[in-house]
Structures are given as structure tokens and as C-alpha cells.
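A.B. asks: First the structure, which I've put down as C-alpha cells, then a few questions once you've had a look.
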Amino acid sequence: MSVADLALQRSKYKHLSDEEWRWFLQQVEGKERTADKLPTFAAIEDWWYPVRLSCEQCSSELAARYKAELVESRKTKDERHFADLTGGYGVDTYFLSEQFAHTDYVEQNAELCRIAEHNFSLIDNRKSIIVRNSSAEDFLASAGQYDLIFIDPARRDSHGGKVFRLEDCTPNVVELLPTLLAHGKRLMIKLSPMLDLTQAVNNLQSDKVQGTKVSWDVFVVAIKNEVKEVLLLSGGSGQITAIDLDKKGQAFVFTREEEQKAIYDVQCTTYNFLYEPSAAILKAGAYKLIAERFGLHKLDVNTHLYGSDTLIENFPGRVWKVVEKQDLKQANVLCRNYPLTPEQLKKKLHLRDGGTAYVIGCRVNNKPTLFFAERIEDIHTKS
């Protein structure tokens, strides 16, 4: 029974007060919504779930475990203290705390603190997590030293509207940076995929109190070709990692200097294969370097599609085989740096959406061009 259907059964639960009924529905909905996203929690008896927004905004288990793996790969044996300054539902706290002997969960929402304290008490190796109902700023005013501080600033203003600049998030990590550095040996900041990555890193490169430069490693994290979060980890070398967690071994690692120096060809020719990098690589900005490393031709300076005469194996993204122009009734239509939208192009070509055929509209040497193609994986499925 769905939560919506269950809500209509209020008369069957007269023994519950209105407050208890709302809590009951919240628990049913929370488990239903997050069972696939957070399977570890779903398997724990009497686990509590917060309101819908907190369930929607929290990290997935896959992404949280990736953060823990990053920390494990870089920490030393004597690092014992960790603080999550924006605890929320506690997903990142839960998995990152595996790496530390002592963890402080900090959250200004009292209800989230109540839920977190209950949940952490259910697991023996999480009972060392201390729940602190405080804002990040107030907590830091009397905090000690930590080997890692994690912070995930809220991307909504006081009216609930989305914000797109780092300094407009809460807490303002740009303003708070000197204090964070004073208390944390290493910082990990989680950013929204919607934020301008280059601008965010530039805004966090200077400790104005100490007069020193902060170097960040950047991790663009996608799941099923959708960028879910961007992580900044201090104390790095400026390395950028683009990874899709559903495709192990397909991490694309580079530096901004490598991208700036990359040399690639823009050729006007007939291509047998087309390539589109993964969403993580595109967000990371490796537009030129991806062509150089895989020996591909970039179709246009502002078109992030690439071509080759022979098939390049293990490309981190989507690959199509170009076919002869067809009289199609149905196709998947993509537009990249093209004067029409996909809907406009479908209407112009009288196409229904779907099937295995693709029509790709893009610019090649600044000329609007159409390619007819089939996905490589679809071809393999049919053969």
C-alpha cells in the first residue's frame, strides 16, 4: 500500500494521536523513498526517518561510501577526530565515522538531532558519535582540533529558494574558511552540481587570516551519468577526478593545467564513430584533454562531441556508430550546440521519440550538421 493510500486509512488508527499519525506516515514514506538509496539503513530495525526534504537532499549510500574511501586512502593512523558540521539526516556522518575513533555530529535542527541520536544508538560502532545541536559557527567558536571537518552548506535561502553562488549558501564557507582551517587539519566541502566549479575553487583558494593559499583536490561524482555532488578536499595538489560510481575503473584524473595545455584537432571530415564524455567529465571541464588522451577529433570548439574513424574502446561516456541517412519514423534526438532544440528538431523531421536510432544535431566547424547513428551498446545487444 502506498503512503497516499495509507493516509486515507486514518479511521483505522484512532488509537494514534494526530502527532503520532503524522510520525507514522513519515516513517513509512521515508523507508519507501530511501530503501534503494540507503539500503544499509533500510535493513536496520527501528531506524527513524526524517521529513521528505531531508530524505531527498541527503547523500546516497553509494556517494557516502565513496567519501569514506577517499578519506581512508589519505588519512594517517594517528588521525582520530572528525566533525560533520552540517549533519542533516546523518548519512555522511555515519559512513565517514568508520574512519575515526571520535565523531561530532553538528546540526542546528533539533528534530534532526533527535532522530540522529536515536539512529546512532542502534549500532554499537556508532555509539561514539556525539550529537551536538548547534550551528556550525557557534560550534566552532568553542571547538578543538579535528583531523577532518566535513561541511555541506545548504543551497537554499531563508525563503526556500535555490541559490547558485557558494557565498550565498548556509553556512557561508567562503567567510568561514579561516575558522575552518584553524580547527581542521583537512577540510572536505560538498558542493551542489549546479554551482560554478571554477568560481567556487577560486573563492576558496586564500586563507585571508594566515595569508596562505589553500590547494584543493576536486571530485566530480556521478551516478548513472547524473552528477550528484562535487567534493573539495583540502591539502591536495589541484588534481581533478571525474568519476561515475556505477562504472568502476572509469575515473578520469587530470589537472587544470593539463586541460589548458591540451592539443586536439578540429577536422572537417566524415566520422564513423561519435563520442560524448560522461556527465562527470563534462562538469569537470576536460573538454580538450579528453580528445588528446583518446586520440579523438573535436567536432567544434564549442561542441563537446568527438569523432574517430575507428572505434576507441573503453571511452568514458556514450559512443555511437554513424550510419547512412535513414527514412525514420522514430528516433532519439540529441542537440549539442545546435540552433534547434530536440523538440523542434523532432517536429521538423516528423519523428516520434524512442527506438534504437539516434539523430544527433550539432555544429561541425561552425556548420549545423545532422548525424544518424546507433549506440554501440544497442548494436551489441542486437547482435
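Bear in mind that the values in this text are calculations on the coordinates, not laboratory data. The structure presented is a predicted model; accordingly, all values stated were derived computationally and were not measured. Cβ atoms come from the backbone with ideal geometry, glycine included; neighbour counts cover every protein chain shown.
A.B. asks: Can you compute the modelled spin-label distance between LEU53 and ASN125, with each label point 7 Å from Cα toward Cβ, in nm?
C.D. replies: According to this spin-label approximation, the distance is 3.4 nm.
A.B. asks: Moving on to the next point. With Rg and Dmax of the Cα atoms in Å in mind, check (1) 24.5, 84; (2) 28.8, 98; (3) 24.3, 74 and report the label derived from this structure.
C.D. replies: So the structure-derived entry is (3).
A.B. asks: Exactly which trypsin sites (Lys or Arg not before Pro) in region 91-150 are in a DSSP loop and have at most 10 other Cβ atoms within 10 Å?
C.D. replies: For trypsin sites (Lys or Arg not before Pro) across region 91-150 that sit outside H, G, I, E and B with at most 10 neighbouring Cβ atoms in 10 Å, the list reads LYS127.
A.B. asks: Over the chain, what is the relative contact order in whole percent, taking alpha-carbon pairs under 8 Å and six or more residues apart?
C.D. replies: Rounded, it is 8 percent for the chain.
A.B. asks: What order do you get for ASP246, ASP104 when you list them from fewest to most C-beta neighbours inside 10 Å?
C.D. replies: ASP246, ASP104
A.B. asks: Test of understanding: what is the full-extension gain from GLU167 to ALA7, defined as 0.36 nm times their sequence separation minus their Cα-Cα distance?
C.D. replies: This chain segment gains 53.5 nm when fully extended.
A.B. asks: Give the longest segment of the chain that steers clear of GluC sites (Glu not before Pro) in DSSP loops with at most 10 neighbouring Cβ atoms within 10 Å, not counting the sites themselves.
C.D. replies: The longest uninterrupted stretch comes out as 46-312.
A.B. asks: With springs only between Cα atoms under 10 Å apart, run a GNM on the chain and tell me which of SER73, SER121, SER308 wobbles the most.
C.D. replies: SER73
A.B. asks: Assuming R0 = 41 Å, can you tell me the calculated FRET efficiency for the pair LYS224 and HIS15, based on Cβ-Cβ distance, to the nearest 0.05?
C.D. replies: Between LYS224 and HIS15 the formula returns 0.45.
A.B. asks: Give me the distance in nm between label points sitting 7 Å out from Cα along the Cα-to-Cβ direction at LEU176 and ALA101, one decimal.
C.D. replies: 2.7
A.B. asks: Additional query: Between their Cα atoms, which of LYS67/LYS190; LYS75/LYS224; LYS228/LYS248; LYS321/LYS348; LYS283/LYS321 are more than 19 Å away from each other?
C.D. replies: Among LYS67/LYS190; LYS75/LYS224; LYS228/LYS248; LYS321/LYS348; LYS283/LYS321, the Cα-Cα distance tops 19 Å for LYS75/LYS224; LYS321/LYS348; LYS283/LYS321.
A.B. asks: Quote the relative contact order of region 259-382 in percent (integer), defining contacts as alpha-carbon pairs under 8 Å separated by 6+ residues. Each step should come with its number before you reach the end.
C.D. replies: Values: 236 pairs, mean separation 31.2, N = 124.
This gives 25 percent for region 259-382.
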